[in-house]
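A short write-up of the structure that comes next.
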Protein chains: 2
Amino acid sequence: MSTTDPMMKNYPLSYQAVDKETEAESHYILSQHNSNGYTVGAPPKKRLTEEFSHTFREFFFHDDPLYQYKDKSKIRQCWLGLQNFFPILEWGRRYNLKMFKGDLIAGLTIASLCIPQDIGYAKLANVDPRYGLYTSFVPPLIYALMGSSRDVAIGPVAVVSLLLAEFLRREFDPTKNKEDYLRLAFTATFFAGLTQSILGFLRLGFIVEYLSHAAIVGFTAGAAITIGLQQLKGLLGITKFTTHTDIVSVLHAVFSNAHHGWNWQTMLMGTVFLAYLLTTKYVALKNPKIFWLAASAPLISVIVSTFFVYITRADKDGVKIVGHITKGVNPPSLDLIYWSGPHLKKGIKIGVIAGFVGLTESIAIGRTFAAIKDYQLDGNKEMLASGVMNIAGSFTSCIVATGSFSRSAVNFMSGCHTTVPNIVMALIVLLTLAVITPLFKYTPNAIISAIIINAVIGLVDIGAAYKIYKVDKMDFLACMGSFLGVVFKSVEVGLLISVTLSLAKILLQITRPKIFVLGNLPRTTTFRNIEQYPEAIRIPGILVIKVDSAIYFANATYIREKILRWLRDEEDLNRHHGLARTQHLILEMSAVTDIDTSGVHELEELFKILKRLYIQLELVNPGPLVMDKLLSANFIDLLREEHLFVTVGDTVAHCFAKSKDQEEA
Amino acid sequence: MSTTDPMMKNYPLSYQAVDKETEAESHYILSQHNSNGYTVGAPPKKRLTEEFSHTFREFFFHDDPLYQYKDKSKIRQCWLGLQNFFPILEWGRRYNLKMFKGDLIAGLTIASLCIPQDIGYAKLANVDPRYGLYTSFVPPLIYALMGSSRDVAIGPVAVVSLLLAEFLRREFDPTKNKEDYLRLAFTATFFAGLTQSILGFLRLGFIVEYLSHAAIVGFTAGAAITIGLQQLKGLLGITKFTTHTDIVSVLHAVFSNAHHGWNWQTMLMGTVFLAYLLTTKYVALKNPKIFWLAASAPLISVIVSTFFVYITRADKDGVKIVGHITKGVNPPSLDLIYWSGPHLKKGIKIGVIAGFVGLTESIAIGRTFAAIKDYQLDGNKEMLASGVMNIAGSFTSCIVATGSFSRSAVNFMSGCHTTVPNIVMALIVLLTLAVITPLFKYTPNAIISAIIINAVIGLVDIGAAYKIYKVDKMDFLACMGSFLGVVFKSVEVGLLISVTLSLAKILLQITRPKIFVLGNLPRTTTFRNIEQYPEAIRIPGILVIKVDSAIYFANATYIREKILRWLRDEEDLNRHHGLARTQHLILEMSAVTDIDTSGVHELEELFKILKRLYIQLELVNPGPLVMDKLLSANFIDLLREEHLFVTVGDTVAHCFAKSKDQEEA
């Protein structure tokens, strides 16, 4: 083959150079087989136990949790181990008055927020208001000792309460079977805690990551809308409401009650205070310095409206009020949990789901603030803390507690430093339970509803949804799917859609991996995707294909077929332009991370089919795992080692040299 | 930085050369930013509809089914379209006498095999023997017109019969509620067919590929053992048998019957004929020329043993016989199918599962022989053919039919050329049904059992299991899991384990992707995995990391943490050896096929963390999809374009140049 060959005129410079032997050496060394004598290595054969232990370690202990214990004394190791379970031991020694001042203010602020929210979320979950308050006492105390996030505020949250209500209601009527309903709620709380503990203890934290960010954004926004719709009952003073949560049923219930069901005094009060809450929130967002205006608004609303109702006795005109809340701290509930019988199974199911959803929310919030303040959050540790606090909660009449988005944000804004605000908040709630619950008797439900609408409105993150839309259309589909599922059907359907779409995305990606043709960047030995680099040039007679995925049973057939299709198109093109037919198919395997028996089988198929077409298969740079398996399966024997290369450049040079030999012979 | 720098002594030659400016140009062009001025390209922005339609096309029509219609006339296109649904139109015109001779012999052979097998598989499915024979009449005829495999022999098969029996028995007792049981069987058959048709029509063939090869090997072997164990009833002449299929229950039933339950005449006859069948099979395997010895053995066994029983009237001594089989061709069964009511739902469920399992087996067999004979099998087309034949079957008193492994193998060995043997077989079965069924009255059950054991023994593929063990230990785990699940529990559990382990493998791979450090191959600009290439050298001050996976929500956090862990280890090493700290982290992104919002977020996190550590992040060759998303998410603005490179070599050269500038400044 000479440079006057008409087919050569489009060849990249560096390959033309191969033919001019004098110049070849001043360029990249091309003519030698395997650049500078390097050969594709295979890792030393591992024994079965080694292989399993390596996979196991990489899966569960990839974060190398024992790193900090290295080269330390036994006592020091014990101390570090204890600190691992109780982070308070670590930061407690550095704690000072200045930090406490910040924490105290933050604690008081979130306490003022949490009390009305607790009442509202307890109502949302169809339990008495006091159970919401109980949930803001025991769990936050435990989290303060074991949690590693400095910003998360613990307590009952909207989404989990809604979820509990939906699932518990299917088993018991919350008004007719009040006690059974409550017992099942505690059972679910226990198993939510157990699920979270087990996940944390077995280091299965990664499971939470199977819910994609996009699905969570959609699901949370949907839940927020659903919760907001539920509040219309309180805000409009409707007596006859639906038990369904989908938007169609709720709006139907709202408008069919429009004539007699709405109470104008309630509406007026609700609207005025909602406007006040939203205005202060909006103002504070614009000017973070006066965020206390927004933070204090709920407490002020509660005090003013309660006083107003008490003075005017508006409750006699049909304004619904919270009513009597029994005084006293958390009663024990260990013996209320269903430890056996048919309800145990239901409790486990609800608990597992609530536990997962709670974790997802809690960890997402924790990570957000950890990222802002620049510290690392250990997902497994958080899960353990979350689990222990919920188990303890289930023994002390609490429903599922988790990190609250709205209160955590306020906690962060108020300048918290550690988990101490949770302790402060718990003590205030204790004081409330012990002394002042009777004062909430005249608090109008409309105000609680307004406070909840104000809290959940922040969960509808349109900015995040827009960013998802901009970056990844498929992600946006998952986001909208979850959102519409929750809003138009139920929390369960929304969750199911989230999980399904999240997993489907992973499966889609593995089933239809990226396979593309590489071209040479002229004057270099670099080969790049011809679709991405318009300068890249195909080399006639040689088809270079890159596979960007593990080759598994789920995609092996597709990969083979796609490669053959590229070849077919190439041959069509060659015929059309009157060029010589393809003689070498170079498979760039750098990105093939793994191969299984189906993959090897399809590779053998490909080799055989190509052989019949008089096309030689050349493999470039298979990774260690792949080399190991190709060797075990005797594929390298079939291919012969001389068709294995370190770089595409080497391979192309080899193909040229071979063609030249053949022509000379 | 000069070459006398002690840190430089381990530097790869080509990078030392950068410093000697006179030599630099005679080497690869290193000092220039982005080799020869190439920049990382981003694809033109696609509209939402374009993006969806591209994904859709790639997913469902990746095989470009309209390719053959290109540049053809309308009539030709119609004709090709018709051929697409009825491949017989295509090969029928080339059909000749020589082909027919081979097909006739193959057809007669598989007919002689299928009749006793049909009786056995009908018994296995707990229906009368004649339904097995019906199933070998209608479905094979339809497959002959629509099927594209030249070797598959259609009829009732062992695994599907076992599965039907297990699921149907849960709804109705096969002896007490005989008619309901049969009606549900036809309902299941209809929905199996419908499922297969829909999968084929919607081109969802890839779903079948979610069952990994390894899981299928294990599942099939387990089913074969279970079926073999069930035959002990017939082979030993046991009257009281268990309805469970797990090995423990069956062996318990067998041995608790050892004293009175076993019938020695049955045992003797069964053992002798089983030995005959296995011996001929073994001999034929060693010497394929006399494979007719094995192919004729079942028919000879049936004839000899039936004659023997008829003469000796051994049935009066307790030798169980097949008994009377009603004469006549398939009666219609359309009105027996449950079109409504509570059983419809059960029928759909059983049908969907049976349809999937049938397809998996059929396509696996078809592909095996297609590979040997070198033709392509279109999975979607096969599904449609399978679906239509089962729907037709359900209207004509057939149970689920699919490709039989043992009969297809014999078909292949007998020299079949097309689907005609299925027609020949169907006609012989028709003749049998119309005329000679009464002759089977005295056929001993033991012989049927022996024939089934002989047929399913081939499904236990120890060779394949060993190859899986050798190549991929994780695959072997999936294989053994499915196997043990079927053998020790039930078909359902085995299937569930297969699917779960198959999916778990995919998820595992995406959750813990491969991330490794690259080193320079001395005297080249190539960078390769330092674990695989012992010659590869790390460059002090620069850490090159390659990520081999899409960066998704399921692994984004892991990838960031793992990269930071590599960095930590590198810094430990640097400190230990008194080397300068890392200044550049190069992320080779060639193999990152996609990134989602979580992935971009973690990349931003990584960038910020590195910035605080005074380490510059450099990205190498992100793919078109990734570039598109990084641009949309404004990450490229954050990173700045000058930190984007086409090759690792360029990047390293740039880092060197920068360090040099800083030193000079």
Self-check item: Scan of the stretch B:85-114 for residues that are acidic (Asp, Glu) and surrounded by fewer than 24 Cβ atoms within 10 Å (Cβ to Cβ), ordered by number
Solution: B:Glu90
Practice problem: Answer with yes or no whether B:Leu82 is surrounded by fewer than 21 Cβ atoms within 10 Å (Cβ to Cβ), closer than 30 Å to B:Lys327 by Cα and not β-branched (Val, Ile, Thr). | Solution: no
Practice problem: Please indicate, with yes or no, whether at least one residue in the stretch B:266-286 is crowded, with 21+ Cβ neighbours inside 10 Å and either without any contact (Cβ under 8 Å) to a residue 40 or more places away in the chain or within 14 Å of chain A (Cβ to nearest Cβ) (or both). | Solution: yes
Practice problem: Search the stretch B:489-502 for residues that are without any contact (Cβ under 8 Å) to a residue 12 or more places away in the chain and pair each with any residue that is surrounded by 23 or more Cβ atoms within 10 Å (Cβ to Cβ) and assigned to a helix (DSSP H, G or I) when their beta-carbon atoms are under 6 Å apart and the residues are at least 6 apart or on different chains. | Solution: B:Val493/B:Gly485
Exercise. Output the residues belonging to the stretch A:185-214 that are among the acidic types (Asp, Glu) and surrounded by 24 or more Cβ atoms within 10 Å (Cβ to Cβ).
Key: none
Quiz prompt | Residue selected from the stretch A:380-399 under the condition under 19 Å from the mean Cα position of the chain (by Cα) and surrounded by fewer than 22 Cβ atoms within 10 Å (Cβ to Cβ), by the criterion farthest from the other protein chains (Cβ to nearest Cβ) | solution = A:Lys381
Practice problem: Just one of (1) more than 7 Å from chain A (Cβ to nearest Cβ); (2) under 23 Å from B:Phe607 (Cβ atoms); (3) at pLDDT 85 or above trips up B:Gly519, so point out which. | Solution: (2)
Exercise. Any chance you could count how many residues in the stretch B:508-529 are under 21 Å from A:Ala550 (Cβ atoms) and assigned to a loop (DSSP other than H, G, I, E, B)?
Key: 2
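Yes or no: A:Arg565 without any contact (Cβ under 8 Å) to a residue 12 or more places away in the chain, of a type in the set (Lys, Arg) and surrounded by fewer than 22 Cβ atoms within 10 Å (Cβ to Cβ)?
Considered against the rule, which asks whether it is without any contact (Cβ under 8 Å) to a residue 12 or more places away in the chain, of a type in the set (Lys, Arg) and surrounded by fewer than 22 Cβ atoms within 10 Å (Cβ to Cβ), A:Arg565 comes out as yes.
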Quiz item: Counting only residues that are part of a helix (DSSP H, G or I) and hydroxyl-bearing (Ser, Thr, Tyr), which one in the stretch B:454-505 is nearest to the other protein chains (Cβ to nearest Cβ)?
Solution: B:Ser502
Quiz item: Does B:Leu579 meet the test of being more than 10 Å from chain A (Cβ to nearest Cβ), hydrophobic (A, V, I, L, M, F, W, C) and over 25 Å from A:Phe527 (Cα atoms)?
Solution: yes
Quiz item: Among the residues of the stretch B:229-251, which ones are surrounded by fewer than 14 Cβ atoms within 10 Å (Cβ to Cβ) and in contact with a Lys or Arg (Cβ under 6 Å, 6 or more places away or on another chain)?
Solution: none
Quiz item: What about B:Pro540, is it in contact (Cβ under 8 Å) with a residue 40 or more places away in the chain, more than 30 Å from B:Ala165 (Cα to Cα) and in contact with a strand residue (DSSP E or B) (Cβ under 7 Å, 6 or more places away or on another chain)?
Solution: no
Quiz prompt | Subset of the stretch B:582-592 (residues that are away from chain A (no Cβ under 12 Å) and assigned to a loop (DSSP other than H, G, I, E, B)) | solution = B:Thr582, B:Gln583
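Conditions (1) assigned to a helix (DSSP H, G or I); (2) modelled with pLDDT of 85 or more, marked per residue:
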site: A:Pro332; (1), (2): no, yes
site: A:Asp335; (1), (2): yes, yes
site: A:Ser340; (1), (2): no, yes
site: A:Gly347; (1), (2): yes, yes
site: A:Gly355; (1), (2): yes, yes
site: A:Thr368; (1), (2): yes, no
Practice problem: Please work out which one of (1) touching a residue at least 40 places away in the same chain (Cβ under 8 Å); (2) farther than 24 Å from B:Phe60 by Cα; (3) surrounded by 15 or more Cβ atoms within 10 Å (Cβ to Cβ) is the condition B:Lys373 fails and give its number. | Solution: (3)
Quiz item: Consider B:Leu377 against the criteria (1) in a helix (DSSP H, G or I); (2) within 25 Å of the chain's Cα centre (by Cα); (3) of a type outside the set (Val, Ile, Thr): it satisfies all of them except one. Which criterion is unmet?
Solution: (1)
Quiz item: Which of the residues that make up the stretch A:523-571 are acidic (Asp, Glu), more than 37 Å from the chain's Cα centre (by Cα) and within 8 Å of chain B (Cβ to nearest Cβ)?
Solution: A:Glu535
Exercise. Filter the stretch A:228-252 for residues that are in contact with a helix residue (DSSP H, G or I) (Cβ under 8 Å, 6 or more places away or on another chain) and of a type in the set (Gly, Ala, Ser) and give the result.
Key: A:Gly228, A:Gly234, A:Gly237
Quiz item: With (1) farther than 30 Å from B:Val319 by Cα; (2) out of contact with any Phe, Trp or Tyr (no Cβ under 6 Å at 6 or more places or on another chain); (3) at pLDDT 90 or above as the list, and B:Asn454 as the residue in question, which single condition is left unmet?
Solution: (1)
Exercise. Answer with yes or no whether A:Leu80 is under 27 Å from A:Thr432 (Cα atoms) and under 31 Å from the mean Cα position of the chain (by Cα).
Key: no
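Has the stretch B:657-664 got at least one residue that is over 25 Å from A:Val592 (Cβ atoms), surrounded by fewer than 19 Cβ atoms within 10 Å (Cβ to Cβ), hydroxyl-bearing (Ser, Thr, Tyr) and out of contact with any Lys or Arg (no Cβ under 6 Å at 6 or more places or on another chain)?
Step one: list which residues in the stretch B:657-664 are over 25 Å from A:Val592 (Cβ atoms), which gives B:657-664.
If we keep only those that are surrounded by fewer than 19 Cβ atoms within 10 Å (Cβ to Cβ) as well, we get B:657-664.
Applying the additional criterion that residues be hydroxyl-bearing (Ser, Thr, Tyr) yields B:659.
Restricting the remaining residues to those that are out of contact with any Lys or Arg (no Cβ under 6 Å at 6 or more places or on another chain) gives B:659.
Taking every residue of the stretch B:657-664 in turn, at least one turns out to be over 25 Å from A:Val592 (Cβ atoms), surrounded by fewer than 19 Cβ atoms within 10 Å (Cβ to Cβ), hydroxyl-bearing (Ser, Thr, Tyr) and out of contact with any Lys or Arg (no Cβ under 6 Å at 6 or more places or on another chain).
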Quiz item: In the stretch B:321-375, how many residues are of a type outside the set (S, T, N, Q) and under 30 Å from B:Val304 (Cα atoms)?
Solution: 8
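The values are calculated or read from the model by the stated rules, or taken from the named source; none is laboratory data. In this text, all values refer to a predicted model and were calculated from it rather than measured experimentally. Here Cβ is always computed from backbone atoms with ideal geometry, including for glycine, and neighbour counts include all displayed protein chains.
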